[in-house]
Amino acid sequence: MFRWHTVAFWEWNSIDSNEVCGICQSPFDACCADCKIPGDQCPLLWGKCKHCFHLHCISKWLETNNEGICPLDRQPFEAAT
Ligand SMILES: [Zn+2]
Ligand SMILES: [Zn+2]
Ligand SMILES: [Zn+2]
């Protein structure tokens, strides 16, 4: 039982509620500025650089910034799969 508890605990911690999206500055347990309801409709996307954004925020960012760089570290942004 303890092992399952640990896994659940780790998953919860993988989203730090003190962390905010580097683009819209909303916490990750809230949705992006364009959405009204957090959750499946507004998923999060991790990059290989370990930065995390709302999917809507990073896709809008990459559309308007043709270099395709991460807004936080200015490295080419690649989604982690
Ligand atoms: Zn966002
Ligand atoms: Zn959204
Ligand atoms: Zn980054």
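The values are calculated or read from the model by the stated rules, or taken from the named source; none is laboratory data. Please read these numbers as outputs of a predicted model, since none were measured by experiment. So basically every Cβ, Gly included, is an ideal-geometry build from the backbone, and we count neighbours across all protein chains shown. Heavy atoms of the whole protein, side chains included, go into the accessibility calculation; ligands, DNA and RNA do not. Shrake-Rupley method; radii C 1.70, N 1.55, O 1.52, S 1.80 Å.
Comparison of G68, G47 shows that the only residue that is closer than 17 Å to V20 by Cβ and open to solvent by less than 40 Å² (accessible area, probe 1.4 Å) is G47. Being outside any strand (DSSP E or B), open to solvent by 70 Å² or more (accessible area, probe 1.4 Å) and at pLDDT below 90 is a property that holds for D29.
With the checklist (1) more than 10 Å from the chain's Cα centre (by Cα); (2) surrounded by 11 or more Cβ atoms within 10 Å (Cβ to Cβ) in hand, flag the one item E63 doesn't pass. Result: E63 fails condition (2) only. A Cβ distance below 7 Å, combined with a sequence gap of six or more or placement on separate chains, defines the contacts here; from region 28-52, residues that are within 17 Å of C70 (Cα to Cα) reach residues that are open to solvent by 90 Å² or more (accessible area, probe 1.4 Å) and among the polar types (S, T, N, Q) in the pairs C49/Q75. All conditions in (1) more than 16 Å from ligand 2 (Cβ to nearest atom); (2) at pLDDT below 85; (3) surrounded by 11 or more Cβ atoms within 10 Å (Cβ to Cβ) hold for D73, with the sole exception of (2). Only residues that are within 12 Å of ligand 1 (Cβ to nearest atom) and either under 9 Å from the mean Cα position of the chain (by Cα) or closer than 11 Å to A79 by Cβ (or both) were counted in region 29-50, giving 3.
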